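Here is the structure we will look at, set down as structure tokens.
The values are calculated or read from the model by the stated rules, or taken from the named source; none is laboratory data. Here the structure is a predicted model, which is why all the values come from computation and not from measurement. Because the Cβ atoms are built from the backbone with ideal geometry, glycine has one as well, and the counts that use them run over all protein chains shown. Ligands, DNA and RNA are stripped out before the accessible areas are found, and what is left, the full protein with its side chains, is counted by its heavy atoms. Shrake-Rupley method; radii C 1.70, N 1.55, O 1.52, S 1.80 Å.
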Amino acid sequence: MAILGSCLCGEVCFEIDAVAGPFELCHCNRCRKLSGASSLPMIRVRTADYRSISGADSICAYEAPLLYRPPAYTSYFCGTCGSPVPPAEPEGDWVEVPAGVLDADPGLKPDKHIFIEFVPEWDRISDDLPRLTVPELHRQRYGKDLP
């Protein structure tokens, strides 16, 4: 059965057939600003398992300036209420879905904290999930050290 997701105002609706993971809690400065919280929980989904139902025309994109090297940081959000949402038509094999906009339990729990060197002083990680710095995450994802 598909898992529905929607923005705060209900303008943007989508569904996913399954989550693949990982389910990461990102603490980078950009994700924190996007979410307004100490981290942004994101779940990886196969693009083939994702469908926009309504509100695709209401989805806006913001491309932040490049910090280090491509790819750029692009955030998608509802143009009416501002909720972070997936892109209407994701490119590539995978799409990241903000976990907070899912309307049901995805059946997956967070598996790690990433970009932990950016955890703000006013916050603390209080669980036992793995904690990865930028170099550690890069090594895990790409099997090599940062250039």
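General observations
- Among the residues of the range 14-27, those identified as within 22 Å of Arg124 (Cα to Cα) and either of a type in the set (A, V, I, L, M, F, W, C) or surrounded by fewer than 16 Cβ atoms within 10 Å (Cβ to Cβ) (or both) are Phe23, Leu25, Cys26.
- Residue check, Leu4 open to solvent by less than 40 Å² (accessible area, probe 1.4 Å), in contact (Cβ under 8 Å) with a residue 60 or more places away in the chain, among the hydrophobic types (A, V, I, L, M, F, W, C) and in a strand (DSSP E or B): no
- Scanning the range 108-126 for residues that are assigned to a loop (DSSP other than H, G, I, E, B) and either closer than 20 Å to Ile43 by Cα or among the aliphatic types (A, V, I, L, M) (or both) turns up Leu108, Lys109, Pro110, Asp111, Phe115, Val119, Ile125.
- Residue within the range 62-78 that is closer than 17 Å to Glu11 by Cα and either more than 15 Å from the chain's Cα centre (by Cα) or open to solvent by less than 20 Å² (accessible area, probe 1.4 Å) (or both) present: yes
- Going through (1) hydroxyl-bearing (Ser, Thr, Tyr); (2) touching a strand residue (DSSP E or B) at 6+ places or on another chain (Cβ under 9 Å); (3) open to solvent by 40 Å² or more (accessible area, probe 1.4 Å); (4) within 20 Å of Cys31 (Cα to Cα) one by one, Ser52 falls short only on (4).
- The set of residues in the range 23-32 that are of a type outside the set (Lys, Arg), touching a strand residue (DSSP E or B) at 6+ places or on another chain (Cβ under 8 Å) and at pLDDT below 95 comprises Cys28, Cys31.
- Complete set of residues in the range 83-103 that are in contact with a helix residue (DSSP H, G or I) (Cβ under 9 Å, 6 or more places away or on another chain), under 13 Å from Cys26 (Cβ atoms) and open to solvent by 20 Å² or more (accessible area, probe 1.4 Å): Pro84, Gly100
- Some residue of the range 127-134 being open to solvent by 40 Å² or more (accessible area, probe 1.4 Å), more than 30 Å from Ala2 (Cβ to Cβ) and part of a loop (DSSP other than H, G, I, E, B): yes
- The strands (runs of 3 or more DSSP E) found wholly in the range 27-80 and carrying at least 2 residues that are under 20 Å from Pro110 (Cα atoms) occupy 40-46.
- Among the residues of the range 28-43, those that are open to solvent by less than 60 Å² (accessible area, probe 1.4 Å) and in contact with a helix residue (DSSP H, G or I) (Cβ under 6 Å, 6 or more places away or on another chain) comprise Cys28, Leu40, Pro41, Ile43.
- Against the list (1) open to solvent by 30 Å² or more (accessible area, probe 1.4 Å); (2) touching a residue at least 60 places away in the same chain (Cβ under 8 Å); (3) under 17 Å from Ile116 (Cα atoms), the condition Glu11 fails is (3).
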